[in-house]
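Here is the structure we will look at.
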Amino acid sequence: MIVYLSQEELDAFAIDRAESLLGYAYEWEGEGVVHLHTRSLTHAFGEISGCMFSKSAFCTDVVEDVRWLVFIDEGCIKVGLRVDGGIQYVGFQMIPSKENLYSRSKGILEIRVLQNKHVAIIGLGSFGSQIAIELSKSGVGEFSLVDFDRVELHNLARHTCFIKDLGRLKTDAIEEAVLGKNPYAKIHKYPLDISKNRMELETIVSHVDLVICATDNNPSRFVLSQALFDFQKIGIFGRAFTRAEGGDVFVYRPGQACYSCMVGNIGVAQEEITNEASARQNGVIPAYVSAQDADAMVQVGLSADIEPICNMMVKLALVELSKGEASGISCLEDELVYNYYLWANRRERKFTNWHVLPGAGPMPTIMRWYGAHISRREGCAICSDDEILLDIGDNLE
Amino acid sequence: MMKYNRFKAEQEVLEAKLPSNIYRFMDMNTSRPYLVMAARTNRGNVYTLRIELDMFPDSIPQVFVNKMLYDCNNNPLDTPSSTMHTLNSKNGCTQICHYGSSSWTNRVSLYKVYIKCRLWLEMYEAHLSSGKPIDYYLKHQN
Ligand SMILES: [Zn+2]
């Protein structure tokens, strides 16, 4: 039998006044693995039964039907399994406490810095779900997860969620995934539509250190961009182009160009459409397009196509979060200085004439990032200090 | 919802371009603000437009003609139509499809929206006399 205990929970129990408490045993049925906890887990797993935690070996008779027993005496821990009226003692291992959980990353990432950082992830689709999990693996300590959607079949192939998650709110499913990597992370869940809940969005943005903007349409990005500007928070936007030919990442740093400046400077991109229902709702697929034509418009890249974009967003987030702190990722501060990054994925459409990788030399090729500085746009509808320069349609007069 | 500096900028453009008695901002301090505008076509007909501002300028504002319009075969323009540039009607009012989502940015002014809807009304009247669908005259923007 493989037995796991939580160091953090045992430490808390040791200084608690209670002599004993009834906890929980989560047993992977038929796999010979059990995790013993003093408190119930937010997202349970396996077969659940009772587990008695006690500071003396004498009070165990009280609870007859409890199979698992944990004794803590003067720093000595013993785990017992009730068998045929007797107790059989078994070996166990510890889930490390907070500061030691990801100690292997020490030197590469400054865990203590990230532990105190709070990141909001707006949109928990194929981008947001992956990024949430990556950031929790890196040791980010607090998350605000925002998405009003539920896990549906159409996009499951490149989402981190499983078939068993169908129907669940994405905020709940991703909370489970994040806690699965870092049980000490603090999670705040907001199953709401940011375009219709501006006040809530402003509250969320005002409390975090960085925002991952992983929604799939421009209206919501404009809404986000306004909140980032109002509260002077760093935001990282990412998206894939149609047919997975590539994608781009935009970083908003207070004082620099905002998302709206970016759209004003480089125009509106042809984005991939991954979900007909949401694309219809926000007008990306006009209402008059037939079901058949809409079906042809929904062309989803592979998980492998969006992975590099998510990865870049994660790295940028880690660099921004650790800025000014000595950490192994500081070296990237000199590299990731741009606010716009273009990823060329396939030699199709706008990248058709790019060079094939072999023998391309300095010529542009796919599978590469291209960085650029995008400057602030005069009269920007969001970040301009002066008067807003509106598009009044000169070409129409 | 529009910020105050945006509202001011929109007002300035409208003041400079249009007579002040043909437009009025309504319910601006509520969650359902809108702009009412009168539009006179070259043939001299006057229509009232209602531009809904609750999601403006982040999203394309919905624009309704203040009544149901009918095509040349006397069918109501109440459903999404690619050839007639219309969307679902609401409260018995025809909705104009004036902008494509891929060309929308938050810089687009209400004045420009108004001009595009006026253009639509001209083409609508052209349709009534020629029988040709509106997209015969107006190119799609996506
Ligand atoms: Zn700007």
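A few points about this structure:
- Condition check for A:Ala240: open to solvent by less than 20 Å² (accessible area, probe 1.4 Å), touching a strand residue (DSSP E or B) at 6+ places or on another chain (Cβ under 8 Å) and either within 14 Å of the ligand (Cβ to nearest atom) or small (Gly, Ala, Ser) (or both): yes
- Checking each residue in segment A:339-378 for being within 13 Å of the ligand (Cβ to nearest atom), open to solvent by 60 Å² or more (accessible area, probe 1.4 Å) and touching a residue at least 40 places away in the same chain (Cβ under 8 Å) picks out A:Ser375, A:Arg376, A:Arg377.
- The set of residues from segment A:222-247 being under 14 Å from A:Tyr341 (Cα atoms) and either of a type in the set (Phe, Trp, Tyr) or out of contact with any helix residue (DSSP H, G or I) (no Cβ under 8 Å at 6 or more places or on another chain) (or both) comprises A:Phe237, A:Phe241.
- Search result, residues across segment B:57-86 that are under 28 Å from A:Phe222 (Cα atoms), part of a loop (DSSP other than H, G, I, E, B) and touching an Asp or Glu at 6+ places or on another chain (Cβ under 8 Å): B:Pro61, B:Gln62, B:Ser82, B:His85
- The residue of segment A:248-276 that is most open to solvent (accessible area, probe 1.4 Å), among those that are assigned to a helix (DSSP H, G or I) and within 12 Å of the ligand (Cβ to nearest atom), is A:Asn265.
- First in segment B:1-23 and in contact (Cβ under 8 Å) with a residue 12 or more places away in the chain, second anywhere and in a strand (DSSP E or B), Cβ under 7 Å, 6 or more apart: B:Leu14/B:Tyr23; B:Ile22/B:Met37; B:Ile22/B:Ala38; B:Tyr23/B:Leu35; B:Tyr23/B:Val36; B:Tyr23/B:Met37
- Odd one out for B:Leu128, checked against (1) open to solvent by 50 Å² or more (accessible area, probe 1.4 Å); (2) part of a loop (DSSP other than H, G, I, E, B); (3) more than 13 Å from chain A (Cβ to nearest Cβ): (2)
- Of residues in segment A:211-237 being within 14 Å of chain B (Cβ to nearest Cβ) and β-branched (Val, Ile, Thr), the one most open to solvent (accessible area, probe 1.4 Å): A:Thr215
- Residues that are more than 24 Å from A:Val251 (Cβ to Cβ), open to solvent by 40 Å² or more (accessible area, probe 1.4 Å) and away from chain B (no Cβ under 14 Å), drawn from segment A:185-199: A:Lys186, A:Lys189, A:Pro191
- Restricted to segment A:134-170, and to residues there that are basic (Lys, Arg) and either touching a residue at least 60 places away in the same chain (Cβ under 8 Å) or part of a helix (DSSP H, G or I) (or both), the residue that is surrounded by the most Cβ atoms within 10 Å (Cβ to Cβ) is A:Lys170.
- Set side by side, the residues A:Ile392, A:Ile388 differ, and just one is within 16 Å of the ligand (Cβ to nearest atom), touching a helix residue (DSSP H, G or I) at 6+ places or on another chain (Cβ under 8 Å) and within 14 Å of chain B (Cβ to nearest Cβ), which is A:Ile388.
- Qualifying positions in segment A:210-223 - more than 13 Å from the ligand (Cβ to nearest atom) and part of a helix (DSSP H, G or I): A:Asn218, A:Pro219, A:Ser220, A:Val223
- Any chance B:Lys67 is more than 26 Å from A:Ala291 (Cβ to Cβ) and either without any contact (Cβ under 8 Å) to a residue 40 or more places away in the chain or more than 12 Å from every other protein chain (Cβ to nearest Cβ) (or both): yes
- Test result for A:Ala381, within 16 Å of the ligand (Cβ to nearest atom), of a type in the set (A, V, I, L, M) and open to solvent by less than 30 Å² (accessible area, probe 1.4 Å): yes
- Matching option when the condition is in contact (Cβ under 8 Å) with a residue 60 or more places away in the chain, at the interface with chain A (Cβ under 10 Å from one of its Cβ atoms), under 30 Å from A:Cys380 (Cβ atoms) and not in a strand (DSSP E or B), among B:Tyr114, B:Tyr99: B:Tyr114
- The single condition among (1) within 22 Å of A:Ile366 (Cα to Cα); (2) away from chain B (no Cβ under 14 Å); (3) open to solvent by 60 Å² or more (accessible area, probe 1.4 Å) that A:Glu325 does not satisfy is (1).
- Residue match in segment A:224-232 (condition: away from the ligand (no atom under 14 Å from the Cβ) and at pLDDT below 95): no
- Candidate set: segment A:112-133, residues that are touching an Asp or Glu at 6+ places or on another chain (Cβ under 7 Å) and surrounded by fewer than 24 Cβ atoms within 10 Å (Cβ to Cβ); chosen: the one nearest to A:Glu176 (Cα to Cα): A:Gly125
- The sole residue among A:Gly80, A:Gly86, A:Gly32 that is over 28 Å from A:Ile187 (Cβ atoms), in contact with a helix residue (DSSP H, G or I) (Cβ under 9 Å, 6 or more places away or on another chain) and open to solvent by less than 60 Å² (accessible area, probe 1.4 Å) is A:Gly80.
The values are calculated or read from the model by the stated rules, or taken from the named source; none is laboratory data. Since this is a predicted model, take the numbers as computed values, not measurements. Heads up, the Cβs are rebuilt from the backbone with ideal geometry, glycines too, and the neighbour counts pull from every protein chain shown. Accessible surface areas use protein heavy atoms only, side chains included; no ligands, DNA or RNA. Shrake-Rupley method; radii C 1.70, N 1.55, O 1.52, S 1.80 Å.
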